[in-house]
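The block underneath contains the structure these notes are about, expressed in structure tokens.
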Amino acid sequence: MSDADKEKPNPYEVALAQLDRAAKVAGVPQSVRDILSQPKNEIIVNFPVRMDSGELRMFKGYRVQHNNILGPYKGGIRYHEQVSLDEVKALASWMTYKCALHDIPFGGGKGGIKFRPRDFSQGELERITRRFTHALGSNIGPEYDIPAPDVGTNGQIMVWMMDTYMNVVGFTDKNANRRVVTGKTLASGGSHGRETATGQGIVHCIAEWARDRRFDLNGATYTVQGFGNVGANTAKILARTGASLVAVGDWKGYVTNGDGINPYKLAEHVHKTGSVIGYPGTHSISRAEFFATAADIFVPAALELEIGIEEAKALNVKLIAEGANGPTETAAEPILRDKGIDVIPDILANSGGVVVSYYEWLQNKRSERWDLEEVEERLAKRMKRTYLAVSEYAAMKKCDWRVAAMAIAVERIARAYAERGIFP
């Protein structure tokens with residue numbers, strides 16, 4: 001595992017290279033590219049937390065606010081031992097483009113704490129989360145910067161963030177601040193369909209791709225890297241189309257079964273044991289063997305920059321639907337293109353999460369609760385519409401889909417800057 005990590009390029013440089021390519025195709029002024037090349041704010045907080053043993057430990061937390069010309073900063077909070085400033089900067093910029101691509105009135109932000117959440121008790125996680133929220137103070141807010149779950153965080157962690165924030169701000173408008181975070185549990189103001197939204201969005205994209213290619217998903221095969229919220233939900237929803245999961249991996253290793261793996265039972269196994277390893281009926285394979293597994297569709301849903309040059313050469317699939325943010329290195333893209341592998345880029349494929357986050361925020365703002373059908377119907381409509389827009393743009397400009405999706409986003413941002421100018 002560590003060998004793969006060592007060679008990873010700087011994610012922020014990858015994000016900048018993507019911005020450059022998109023800005024050229026979109027023909028936006030250099031000034032807009034310059035503005036987007038650096039986040040507006042980079043916040044680093046160091047805070048102590050009392051452990052169950054009674055000792056105090058220091059933690060380092062980040063919140064990067066990339067751009068808010070189109071609306072409040074929006075983006076996940078990541079708990080992972082590899083969180084770094086450059087990683088959070090890259091993720092925050094991808095959030096800006098993701099919201100702009102969908103024409104959602106949000107900007108981009110991202111945050112995180114550098115630690116391994118699985119090494120801590122539930123009580124310690126709660127205290128870490130509450131201290132972090134308190135340390136961020138007024139750097140987040142329901143109309144200013146709205147966090148959400150990401151790698152290593154979930155609905156419960158969002159509820160602790162919300163509760164801490166609500167108890168620090170004004171007493172009378174406490175409930176108006178419920179929308180300071182999205183991705184909450186249902187009981188505490190979350191939205192139906194938010195938990196599965198990212199996976200649902202990925203499958204909408206895959207289904208549109210299959211329809212365009214006259215490709216039958218029933219009987220197709222797929223592999224998934226990463227089996228957290230995104231990977232597991234994508235695998236379950238994709239299984240309903242009749243496609244079959246043949247190989248899967250996570251932080252502990254990779255397993256395969258050519259006859260298919262039941263994603264519902266696998267999710268139960270992961271819930272119990274913490275990993276896909278040891279799931280009955282599968283056998284272990286190496287990371288290299290996983291990437292070389294023949295399948296129709298590959299869904300990378302782990303961390304960024306997992307598809308390097310070696311992986312791109314090994315891949316034997318028709319389609320990559322990017323569940324993770326930034327899973328593909330710049331140097332790997334031409335290899336995939338030469339092999340004829342289609343790529344549905346992250347800011348399109350995995351954007352179902354932020355779309356439904358926006359719906360959750362709206363429901364909180366209006367004191368409404370939409371039923372699951374309404375949320376899923378709105379999500380399907382928006383994903384399909386954006387998919388079509390990217391597909392038409394790519395055909396018109398004769399560029400790849402990543403450039404097309406980014407270019408649409410950058411054009412929208414450039415238009416806002418052209419109209420508003422730079423104050424004063």
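The values are calculated or read from the model by the stated rules, or taken from the named source; none is laboratory data. Nothing here was measured: the structure is a model prediction, and the numbers come from that model. A quick note on method: Cβ atoms are made from the backbone with ideal geometry, for glycine too, and the neighbour counts reach across all protein chains shown.
Values for this structure:
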{"read-out": "Search result, residues across segment 308-341 that are under 16 Å from the mean Cα position of the chain (by Cα) and in a strand (DSSP E or B)", "value": "ILE320, ALA321, THR328"}
{"read-out": "Selection within segment 76-111 - within 14 Å of the chain's Cα centre (by Cα) and among the polar types (S, T, N, Q)", "value": "SER93, THR96"}
{"read-out": "Condition check for ARG57: free of Cβ contacts under 8 Å to residues at least 12 places away in the same chain and either part of a strand (DSSP E or B) or over 26 Å from ALA135 (Cβ atoms) (or both)", "value": "yes"}
{"read-out": "Qualifying helices (runs of 4 or more DSSP H) (wholly inside segment 352-424; at least 2 residues being in contact with a Gly (Cβ under 7 Å, 6 or more places away or on another chain))", "value": "352-366, 372-397"}
{"read-out": "Candidates SER284, SER275 - the one that is among the small types (Gly, Ala, Ser), in contact with a Lys or Arg (Cβ under 8 Å, 6 or more places away or on another chain), touching a residue at least 24 places away in the same chain (Cβ under 8 Å) and surrounded by fewer than 22 Cβ atoms within 10 Å (Cβ to Cβ)", "value": "SER275"}
{"read-out": "Selected residue (only one of ASN177, ASN229, ASN154, ASN218 is within 19 Å of ALA295 (Cα to Cα) and either of a type in the set (S, T, N, Q) or at pLDDT below 95 (or both))", "value": "ASN218"}
{"read-out": "Residues of segment 23-54 classified as in a helix (DSSP H, G or I) and aliphatic (A, V, I, L, M), total", "value": "6"}
{"read-out": "Of all residues making up segment 377-401, the number that are surrounded by fewer than 19 Cβ atoms within 10 Å (Cβ to Cβ) and within 19 Å of THR196 (Cα to Cα)", "value": "5"}
{"read-out": "Residue within segment 49-62 that is surrounded by 14 or more Cβ atoms within 10 Å (Cβ to Cβ) and under 21 Å from ILE413 (Cα atoms) present", "value": "no"}
{"read-out": "Search result, residues across segment 211-233 that are part of a helix (DSSP H, G or I) and either over 18 Å from ASN257 (Cα atoms) or over 25 Å from the mean Cα position of the chain (by Cα) (or both)", "value": "ARG211, ASP212, ASN229, VAL230, ASN233"}
{"read-out": "Condition broken by ILE335, with the remaining ones in (1) surrounded by fewer than 22 Cβ atoms within 10 Å (Cβ to Cβ); (2) of a type in the set (Val, Ile, Thr); (3) touching a Cys at 6+ places or on another chain (Cβ under 8 Å) satisfied", "value": "(3)"}
{"read-out": "Residue, surrounded by the fewest Cβ atoms within 10 Å (Cβ to Cβ), within segment 126-157, restricted to residues that are under 15 Å from THR185 (Cβ atoms) and without any contact (Cβ under 8 Å) to a residue 40 or more places away in the chain", "value": "GLN156"}
